[in-house]
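Trainee: Below you will find the structure I want to go over with you.
The values are calculated or read from the model by the stated rules, or taken from the named source; none is laboratory data. All values derive from a computational prediction rather than experimental measurement. Please note: Cβ atoms are built from the backbone with ideal geometry, for glycine as well, and neighbour counts cover all protein chains shown. Each accessible area value is taken on the protein alone, full model and side chains, heavy atoms only, with ligands, DNA and RNA left out. Shrake-Rupley method; radii C 1.70, N 1.55, O 1.52, S 1.80 Å.
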Amino acid sequence: MLMLMSCKREERALVTQSPSLEMQRSRYEVNVASNGESARIKTWFDRNSWSMAQGKQLYDAYNCVGCHAHGGGGMGPPLMDEKWIYGSEPQQIYGSIVYGRPNGMPSFHGKIPDSQVWPIVAYVRSMSGLADQSAANPRDDHMKGPLPPSSVPESTPHEVSLPESAEQPR
Amino acid sequence: MHYIGLMHVSLLVLRILTRASLLLALLASAATAQPSAEDGQWTMPAKNFQNTRYSALDQIKIDNAKNLRVAWTFSTGVNRGQEAAPIVVGDTMFLVTPYPNILYALDLKNKGAVKWKFEPQPAAAAQGVACCDVVNRGCVFDKGKIFFNTLDDNVCALDAATGKSLWKTKVGEINRGETMTMVPLVVHDKVLVGNSGGEFGVRGWLTALDTNSGQIVWRAYSTGPDSDCLIGPEFKPFYESERGKDLGVKTWPPERWQIGGGTVWGWISYDAGANLIFYGTGNPAPWNPELRPGDNKWTCGVFARNPDTGQAQWFYQWNPHDEFAHDGVSENIIVDLSIGGSAVASAVPSGNNNSDALRTAHTTASAMRKVLISAQRNGYVYVLDRLTGQVLSADPFIRITASKGVDLKTGRIINNEEKTPQIGKVIRDVAPASAGGKDWQPCAWSPRTNLLYIPHQNLAMDYEAVEASYIEGTPYLGANIKMYANGGGKRGEYCAWDSVRRKKVWAIPEEFPVWSGTLATAGDVTFYGTMEGFFKAVNARTGEPLWQFKTESGIVGQPTTFLGPDGRQYVAVLSGVGGWAGAVVSADLDTRDPTAALGFANAMKDLPQVTAKGGTLYVFALP
């Protein structure tokens, strides 16, 4: 049922201007419905500069910047390097944001609407060159930080595991 | 070269001192009542209630320190910032690791073999709300029990002989952003503990728990109504600006005190004669000061309280309406100093520490004063009358641009209006940076030299105030920061400060912030560590380097010294880089982003080239 609904909405997504909240929601639904669609979702968000610009603002507004800084990290791990503790795929980053992760990443479930999570995902991916560079933010609006995402060379993500000492599952 | 220059200056100073020695014997003889007779132990990280970190052991001296060598080592198994002090009780050493806060008891009769260990299993999620690496600053011993805090806000009491858990009390909530990193102090069978989390908009407090039951006896908040802050009829602050009802509410925009910071994550000292404890409060939240007009009491100040009831006796605010996260949590060292009378001191504007008039005045009007000495994050060494809270002097120990001095009539710091943060504007060259002239790393004070030994950094910053939104359990900051060396100098320094003459006597510049603690001994040797990993012994009188040893990782821990079961003097320190300054290494941060680690990364870009993670205890002795 959800699949059918999603497929139907998928047709509307061919519109190329700024996506409405409705449209973004539909992307989300497709994604949770079927991982097979994830490649298409990735392509869509990673190429949408409007969405990534939104993502950058939301990244500040939801205090992601407090822990991850402008990609270099602090209380949380860096996002601009090629290391990904919990995966670099859009749905994995989505999962980290919405459900949280056991070593300190809080769950933003109920705090960030899903329609805003995907733009944040796209912006986060752009920090390490995983998003389309022609769509990535070309400049920083604040004090000179790291290179803007559009200038970041493409990287190859690799999975890392936390040191034993950090793993304390309860 | 810089160092040699300073040596010349210090030698000159010494010559002057020698010439005036007779006079000095009278006027600066100083000092405090000696800490209770030296028993060769080190039972609390600050060594004693006065927080002097001075040991009367003197086997290791100026002329033999060069022979120090490793006696034994011990891996903590945790590769994060090792800020704890290894403490010694009898023939046992106790140390607590960074998260996951493992407490080890090591056998001094058997080269540090593990007697027992205790794993409190703190919640893993606590790592995400620790602002500045997942550090722990140590455990404390009292009457057969070991007390320490866990990152997830539990106070633990263990049987020191067996490691058996006696009680465990949860006193905070990580989901609000509260953690605990500080060292408890035990006074009159009460464990005094405070919270961390000023970067998350938590509400700061100091809490007393019964050492036997673990029950909370009292809690004094740093913001809010007088009743919550344990401010009552006994409260008699020295300055007018600290007087009035419910200032912890009225000096804030409506309701903002509830998320206003003022956490108590530093040191507590205790004057048994006056029965007063002294401790500092952290920065107000959020960092961006435009979002919280007012003095934001009782953040960024020092409280004197009765340890039995928690009732406040006085308060002094280092930074009313703090602008740059200059927490007021530095240790307040208790000494009795022979300094000018209050009339003399308050007539001399601060910063004028070369005044001949002042020196003359000292020679004629000096008197023994019961004081606190505190090298604060805002860059001043303060001397306060500890019975009244009056500021006797406040002098810069680094280059300062954020303020222009301290008005000794009103007690109020004079902020530099050119550096006042405004949303959307980048303020350049704010000194000291938010990490301060000195951060958590505690000073030592020697009654033999009457000098304060200050391990510290020398950093300035660019500061951009931005909007901040409060989301429970996430950072509440509103500032972008980028730190760098202050005034083109080196990023760190270890110096000796004369609190009577109000000046630096000697200084050793260091490439990186000196993020370790220090100690002083009756052998006139002081010790500290560098972030490259060198553990150093220094002539306490001249600053002459005596010995150094390269450990496996950067040092950010607190050295201690003790008499071993074999009657020899040992010196111990944890090696393992981390903390706020070392997070670029311990948390694998990406220094291409200058704002990483709350802006500290920009100043530490080259740290990964000189050190890597570690976690090892080193114990040194003479052959």
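Trainee: Size of region A:49-137 along its principal axes in angstrom, Cα-based, largest extent first?
Mentor: Answer, in whole Å and largest first: 34, 27, 22 Å.
Trainee: Further question on the same structure: Using DSSP to define loop residues, name the trypsin sites (Lys or Arg not before Pro) in region B:389-442 whose beta-carbon has at most 15 other beta-carbon atoms within 10 Å.
Mentor: Here the sparse-neighbourhood loop sites are B:K409, B:K425.
Trainee: Given the Cα-Cα distance of B:A612 and B:K164 and 0.36 nm per residue of separation, how much length would full extension add, in nm?
Mentor: Separation in residues times 0.36 nm, less the Cα-Cα distance, equals 157.8 nm.
Trainee: Moving on. Excluding ligands, DNA and RNA, what is the accessible area buried between chains B and A, summed over both sides, using a 1.4 Å probe, to the nearest 100 Å²?
Mentor: Buried area between the two chains comes out at roughly 2800 Å².
Trainee: Right, here's the next one. So with the 1.4 Å probe, I'd like the accessible area per residue for chain B, rounded to whole Å².
Mentor: Accessible surface, normalised per residue, equals 30 Å².
Trainee: Where in region B:515-558 does the label zone of B:K61 land, with the point 7 angstrom along Cα→C-beta and an amide N cut-off under 12 Å?
Mentor: From region B:515-558, the list is B:523-525.
Trainee: State the answer as a single residue: which of B:M44, B:G138, B:N378 lies farthest towards the positive end of the charge dipole of region B:2-621, with beta carbon charges of +1 for Lys and Arg and -1 for Asp and Glu, about the Cα centre.
Mentor: Final value for the positive-end residue is B:M44.
Trainee: Taking region B:2-621 as the region of interest, what is the percent of Cα-Cα pairs per 10 angstrom bin, listed from the shortest bin to the one with the maximum distance?
Mentor: 4, 18, 31, 29, 15, 3, 0
Trainee: Under unit Cβ charges (Lys, Arg +1; Asp, Glu -1), what dipole magnitude, rounded to 20 debye, does chain B have relative to its Cα centre?
Mentor: Using only the charged Cβ atoms, the result is roughly 1220 debye.
Trainee: Ordered by packing density, taken as the mean number of other Cβ atoms within 10 Å over each peptide's residues, highest first, how do B:372-380, B:499-507 rank?
Mentor: On the way: B:372-380: 26.9, B:499-507: 22.2.
Descending packing order for the listed peptides: B:372-380, B:499-507.
Trainee: Can you pull the mean other chain C-beta count within 10 Å for peptide B:473-482?
Mentor: Details: counts 4, 10, 9, 2, 4, 3, 2, 9, 2, 3.
For this peptide, the per-residue mean of nearby foreign Cβ atoms is 5.
Trainee: For region A:49-137, what is the accessible area per residue in Å² when the probe is 1.4 Å? Show your work: numbers first, answer last.
Mentor: Details: 2830 Å² over 89 residues.
Using a 1.4 Å probe on heavy atoms only, each residue of region A:49-137 averages 32 Å².
Trainee: For B:T73, put the label point 7 Å out on the Cα→Cβ axis and report which residues of region B:104-137 keep their amide N under 20 Å from it.
Mentor: B:104-115
Trainee: Tally Lys/Arg at +1 and Asp/Glu at -1 over every other residue whose Cβ is under 9 Å from the Cβ of B:D524; what's the total?
Mentor: The answer is +2.
Trainee: A further question on this structure: Roughly speaking, what % of Cα-Cα pairs in region B:233-337 are separated by over 19 Å, rounded to a whole number?
Mentor: On the way: 2307 of 5460 pairs.
The proportion of pairs with Cα distances above 19 Å equals 42 percent.
Trainee: In chain B, what percent of the accessible surface is made up of carbon and sulfur (1.4 Å probe, ligands and nucleic acids excluded)?
Mentor: Accessible surface attributable to carbon and sulfur in chain B totals 53 percent.
Trainee: Continuing with the same structure: Under a point spin-label approximation (7 Å from Cα along Cα-to-Cβ), what is the B:K503-A:E82 distance to one decimal in nm?
Mentor: Distance between the two pseudo-spin positions: 5.7 nm.
Trainee: Counting partner chain Cβ atoms within 10 Å of every residue's Cβ in B:121-128, what's the average?
Mentor: 6
Trainee: Something else now. Determine the equivalent ellipsoid of region B:75-136 by diagonalising the alpha-carbon gyration tensor, then write out the semi-axes as square roots of 5 times the eigenvalues, largest first, rounded to whole Å.
Mentor: Values: eigenvalues 119, 25, 15 Å².
Taking √(5λ) for each Cα gyration eigenvalue gives 24, 11, 9 Å.
Trainee: As a test of the formula, what do you get for the protein assembly as shown when each DSSP H run with n ≥ 4 contributes -39,500 (n - 2.57) and the sum is divided by the residue count, at 222 nm and rounded to the nearest 500 deg cm²/dmol?
Mentor: So the calculated ellipticity at 222 nm is -4500 deg cm²/dmol.
Trainee: Here's a follow-up. How large is the dipole of the protein assembly as shown about the Cα centre if only Lys and Arg carry +1 and Asp and Glu carry -1, each at its Cβ, rounded to the nearest 20 debye? All intermediate terms of the calculation are to be shown ahead of the outcome.
Mentor: Working: 74 positive and 77 negative charges, 255 e Å.
With Lys and Arg at +1 and Asp and Glu at -1, about 1220 debye.
Trainee: If I take R0 = 25 Å and measure r between the Cβ atoms of B:E418 and B:S469 in this structure, what FRET efficiency does the formula 1/(1 + (r/R0)^6) give, to the nearest 0.05?
Mentor: It comes out at approximately 0.30.
Trainee: Determine the residues within region A:71-101 where the difference in accessible area between the chain on its own and the full set of protein chains amounts to at least 30 Å²; count protein heavy atoms only and use a 1.4 Å probe.
Mentor: Correct list: A:G72, A:G74, A:M75, A:P78, A:M80.
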